[in-house]
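**Student:** After the structure tokens below, expect a handful of questions from me.
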Amino acid sequence: MKTTNRSYRGKFRVLLELGKTISRVALVGALVLSSVSVALAQVYGVRRTAVVKGPNTTVVASRTTVVAGGTALPHGYIAALPGGYRAVVVSGTRYYTVGGVYYRPQIYGGRTVYVRVHI
Amino acid sequence: MLKKPRAGQRPVHHCEFRPLFFCFTFILLAFALACSRAAEQPATTTANNDPDQLLRQMSEKLAQAKNLSFKVERKLDAALVEGRNVAENAVIEISVSRPGKFHAKSDSTDNARQIFFDGQSLSIYDQTMKLYATAQVTGTIDEAVAKIDETYGFTPPLAEFILSDPYGALSKQIKTRTYKGKESIAGVECHHLSLSADEADSDLWIGTADLLPRKLVATFKNREGNPQLQAVFSNWNLTSTFDDKMFTFVAANDVEKIEMITEAQMKEAAKESAAPEVPTRKNP
């Protein structure tokens, strides 16, 4: 009888250890799985708002509220060309010009933007 | 265990209680029962009025589809369109081949764009201006979206819905969830959920029968005028067949390659443009 009790105790101990191991594996699994999901800086494709710090940690004015959350582009950039533009190729690169101002196209934020350049 | 009988004694069977074996059998039976019940019940009956559960079910449905396509009619208020002062209405067609390919085609009033990702690179094609840019991004859709978001500061439209775990992506933003009842969207009966978050409060309509997203209205409460994004989902196909070529961009002869500007480069440009102006007159 004593032998049987000892045998039960041993088996329960094994069961207890097994339970602990399963719960540890489950916990680690849950942590790993949760870390897999992507944390985006966008909300449905729209940039989150954030305060942009300028030089000397002052909050930069509207001219540059831009990059980390506003909807404006930095000075010198435009999202659409003014009417009446025409394309020109200079040294194999395409530019657009209107009113004597030249713009080079770039892709930013998934869209085409135009930066003012001097040629 | 069978003990050897003594002479004139009937054999006695000792059936030993085996707790370990019993527990395993019980767990296996319970698991099998749970699986069979889950398989038997259609999605509609498992849907309840628990908004979190509905979000999870919608997410699982999307995540399980290996090849899916859908259409979104998206309206962005002017304040949400970067660099512009006009609202944008676009029809976006999205095709996804898990785990590592997607294509999005957007047609708006003044621009047609496409995004290609084939597991090796991501290309943006401005169809209107005949320009394109390519970024070397490899891996799964999740990895590409995260990388593009971090480096280039954008994501494909409504990327949350094409990731491998939409629930994980959405629930990271959401603070509270409320069930608002059943409503009809374009003739489809939907569960209406209200989701609040730090950045935007959203209303999401999920089909009661198919548990697919049908409409999303997000109000960006931190922006002046509380601008909205509205997306109406349709043409869901969770068993699409694609030609793999559609995920790879091949430039035509008249299309020019341009640079894709990183977030860091743009920040630098912003910093330069924000340099303090030199005062023209000194105070006495």
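**Student:** With the crude spin-label approximation of a point 7 Å out along Cα→Cβ, what separation in nm comes out for B:Lys180 versus B:Glu93?
**Tutor:** For the pair B:Lys180/B:Glu93, the computed spacing is 3.1 nm.
**Student:** Can you give me the Cα centroid spacing of region B:79-108 and region A:78-98 in angstrom?
**Tutor:** 24
**Student:** Sticking with this structure for a sec: Give the cross-link partners of B:Lys257 among the aspartates and glutamates, using a straight C-alpha distance below 19 Å as the criterion and excluding same-chain residues fewer than 8 apart.
**Tutor:** Qualifying aspartates and glutamates at Cα under 19 Å: B:Asp118, B:Asp126.
**Student:** Quick query: amide H of B:Ser164 versus all other amide H atoms, modeled in the peptide plane; which residues come in under 5 Å with a sequence gap of 5 or more or a different chain?
**Tutor:** Counting only residues 5 or more places away or on other chains, the set is B:Asp142.
**Student:** Let me ask something additional. From the Cα gyration tensor of region B:163-284, with a ≥ b ≥ c the square roots of its eigenvalues, which class applies: rounded if a/c is under 1.5, or else prolate if a/b is larger than b/c, or else oblate? Please report the intermediate quantities before stating the final value.
**Tutor:** On the way: a/c = 3.16, a/b = 1.42, b/c = 2.22.
Oblate, because a/c is 1.5 or more while a/b does not exceed b/c.
**Student:** Here is a follow-up. Taking neighbour Cβ counts within 10 Å as the exposure measure, how do B:Thr241, B:Thr128 sort from fewest upward?
**Tutor:** Values: B:Thr241 8, B:Thr128 13.
Lowest to highest Cβ neighbour count: B:Thr241, B:Thr128.
**Student:** Can you list the residues, at least 5 places off or on another chain, whose amide H is less than 5 Å from the amide H of B:Ile174, using H built in the peptide plane?
**Tutor:** The list, which skips near neighbours in sequence, is empty: none.
**Student:** From the cross-link list B:Lys61/B:Lys130; B:Lys172/B:Lys245; B:Lys101/B:Lys221; B:Lys105/B:Lys215; B:Lys147/B:Lys271, which pairs have alpha carbons spaced over 26 Å apart?
**Tutor:** The answer is B:Lys61/B:Lys130; B:Lys172/B:Lys245; B:Lys101/B:Lys221.
**Student:** Compute the distance in nm between two label points, each set 7 Å from the Cα along the Cα-to-Cβ direction, one at B:Thr109 and one at B:Lys271.
**Tutor:** Here the modelled spin labels are 3.8 nm apart.
**Student:** Looking at region B:80-142, which trypsin sites (Lys or Arg not before Pro) are DSSP coil and have at most 15 other C-beta atoms within 10 Å of their C-beta? Could you put the intermediate results ahead of the total?
**Tutor:** On the way: sites: B:Arg84, B:Lys101, B:Lys105, B:Arg113, B:Lys130; in loops: B:Arg84, B:Lys130.
Sites meeting the loop and neighbour criteria: B:Lys130.
**Student:** Using a 10 Å cut-off around each Cβ, can you sort A:Tyr103, A:Tyr85 from fewest to most neighbouring Cβ atoms? Working shown, then result.
**Tutor:** On the way: A:Tyr103 20, A:Tyr85 17.
By the 10 Å Cβ count, ascending: A:Tyr85, A:Tyr103.
Bear in mind these aren't lab numbers, they're just calculated from the coordinates by the rules spelled out. If you're wondering where the values come from, they're calculated on a predicted model, not measured in any experiment. Quick reminder, even Gly has a Cβ in these numbers, built from the backbone with ideal geometry, and neighbours come from all protein chains shown.
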